[in-house]
1. Set Lys and Arg Cβ to +1 and Asp and Glu Cβ to -1, take the dipole of the stretch 3-108 about its Cα centre, and tell me which of 47, 81, 106 lies farthest positive.
2. Sequence-distant or interchain residues sharing an amide H contact under 5 Å with residue 118, placed H: which?
3. May I ask which residue of 304, 280, 324 lies farthest towards the positive end of the charge dipole of the stretch 280-396, with charges of +1 (Lys, Arg) and -1 (Asp, Glu) on Cβ and the Cα centre as origin?
4. Explain nothing, just the number: relative contact order of the chain, from Cα pairs under 8 Å at least 6 residues apart, as a whole percent.
5. Please identify, among 181, 248, 267, the residue showing maximal mean-square fluctuation in a Gaussian network model of the chain using a 10 angstrom Cα cutoff.
6. With θ taken as phi - 60° and the coefficients 6.51, -1.76 and 1.60, list the Karplus ³J(HN,Hα) couplings across the stretch 7-23 in order, rounded to whole Hz; mark glycine and proline as x.
7. Tally Lys and Arg at +1 and Asp and Glu at -1 over the other residues with C-beta under 11 Å from the C-beta of residue 187: what net charge comes out?
8. What FRET efficiency comes out for the pair residue 264/residue 194, r = Cβ-Cβ distance, R0 = 22 Å, nearest 0.05?
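Please treat every number below as a calculation from the coordinates, not as lab data. The model shown is predicted, which means the values in this text are computed figures rather than measured ones. Counting neighbours? That spans all protein chains shown, and the Cβs are built from the backbone with ideal geometry, glycine included.
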Amino acid sequence: MTTDEQSIARDLSERVATLVEENDLSDPTGFLGARFDAGLAWVHFPPGRGGLGLPQSFQAQVDAELAAAGAPGPAKGRNGIGLGMAAPTIAAFGTEEQQQKYLRPIFTSEHIYCQLFSEPGAGSDLAAVATRAVREGDGWRVNGQKVWTSGAQNAQIAILVARTDPSVPKHAGLTYFLCDMSDPGIDVRPLRQITGEAEFNEVFLTDVHIPDSDRLGDEGQGWRVATATLNNERVAIGGSAAARESGMIGPVAQAWRQHPELRDPAMHDELLRLWVEAEVARLTGERLRQQLEAGQPGPEGSGLKLAFARLAQTISGFDIELHGEAGLRYDDWTMRRPDKVDFTGREPGYRYLRAKGNSIEGGTSEILRNVIAERVLGLPPEHRIDKDIAWKDLPR
Ligand SMILES: Cc1cc2nc3c(=O)[nH]c(=O)nc-3n(C[C@H](O)[C@H](O)[C@H](O)COP(=O)(O)OP(=O)(O)OC[C@H]3O[C@@H](n4cnc5c(N)ncnc54)[C@H](O)[C@@H]3O)c2cc1C
């Protein structure tokens with residue numbers, strides 16, 4: 001550490017100590033609001049918007065000192081979309097007013113977010129979205145259908161991509177909005193998944209009104225803004241800061257230690273291989289986070305998300321084998337509406353089934369391989385016949 005860095009670190013420790021001393025740790029919302037106001041929410045954000053304008057690498061120190069003091073942290077499980085995806089996008093593309101209005105309630109999780117991107121005809125090919133936003137007075141009237149919207153039943157605000165100009169090629173006619181989920185034109189209907197639960201939904205939008213002040217970025221710039229969200233999503237899913245054995249490998253390693261009767265030599269070799277791979281993935285995520293410093297993540301995060309999905313599925317398969325018949329026991333088909341995914345607190349059967357979605361959500365593994373091939377390795381792009389044709393003229 002340079003002397004400058006040492007002095008920043010000392011100053012941060014003092015700010016953390018003052019925050020902890022002056023605020024009630026048993027009131028998470030109040031404490032997180034005070035933490036935002038003190039610039040300790042996202043230290044790399046500007047002053048007044050939850051930060052201090054410092055390099056992002058100092059965040060780890062703040063997080064560790066607050067955790068050691070027993071302070072409540074942001075609700076990453078319940079509000080992953082708000083904290084991991086909407087906040088960095090608003091910080092990058094939002095006006096001064098939008099940042100003032102939206103960042104603080106995301107950090108305190110008074111505003112839970114959902115992501116209205118995918119549609120029945122636009123998943124991997126997100127730029128094909130058909131939900132229409134039409135100018136009306138000082139705002140927009142939105143009509144369409146979204147699908148696979150995680151947590152829409154709990155959300156106050158959605159990040160939404162809609163088509164504002166059908167007469168230009170698909171990527172050019174999109175605009176990005178922040179949408180109030182309490183609008184009477186929004187209808188949220190649960191969709192059940194392979195675990196029997198309904199984490200996600202279909203969302204129908206009928207004459208939903210969005211004021212123009214809730215447009216994020218310029219009209220027609222929606223693809224660029226959405227790409228920033230997706231890059232953040234891939235880092236959030238695949239590369240969030242984690243302690244050793246805190247992920248999917250944790251319960252497997254624990255079962256191995258606690259149940260010698262389950263062990264055999266072949267499984268021992270396999271477990272060691274998976275343990276090492278999980279640790280490599282974790283440390284690679286750590287390195288990527290340090291490289292990002294203050295910038296927005298680029299396509300490199302796709303590699304992390306790809307590795308995370310493959311590992312989660314392999315480890316959860318091993319978990320089932322390790323537990324033998326007991327591992328197959330998953331018989332709770334209650335249609336729960338969980339507000340977060342709890343891999344480590346549930347049984348092996350649940351982990352195995354839920355991990356199937358990891359290679360689909362946030363971009364399928366095939367799409368991530370395309371992103372890595374084209375945008376990281378510089379290989380020739382896929383042939384795209386629709387890129388110069390107006391969206392309205394594309395066959396659908
Ligand atoms: C658990 C879960 C939560 C989700 N939450 C949300 C959410 O909150 N908000 C939201 O907007 N969406 C959400 N999604 C949707 C997710 O982003 C989409 O399912 C995903 O992008 C794939 O789109 P699709 O389902 O339309 O499949 P398709 O795009 O139709 O793909 C079908 C198959 O074709 C393959 N494929 C498609 N194009 C190519 C290509 N060019 N090259 C090679 N292979 C290709 C895909 O890899 C896939 O195997 C969620 C999905 C899951 C599973």
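1. Going by the charge dipole, the pick is 81.
2. Under 5 Å from the amide H of residue 118 lie the amide H atoms of 147, each far enough along the sequence or on another chain.
3. Farthest towards the positive end: 304.
4. 14 percent
5. Taking springs between Cα atoms under 10 Å, the residue moving most is 267.
6. For the stretch 7-23, the Karplus-derived couplings read 6, 4, 4, 5, 4, 5, 4, 5, 4, 4, 4, 5, 4, 5, 5, 8, 10 Hz, x marking Gly and Pro.
7. 0
8. Details: r = 29 Å, r/R0 = 1.33.
Efficiency, rounded to the nearest 0.05: 0.15.
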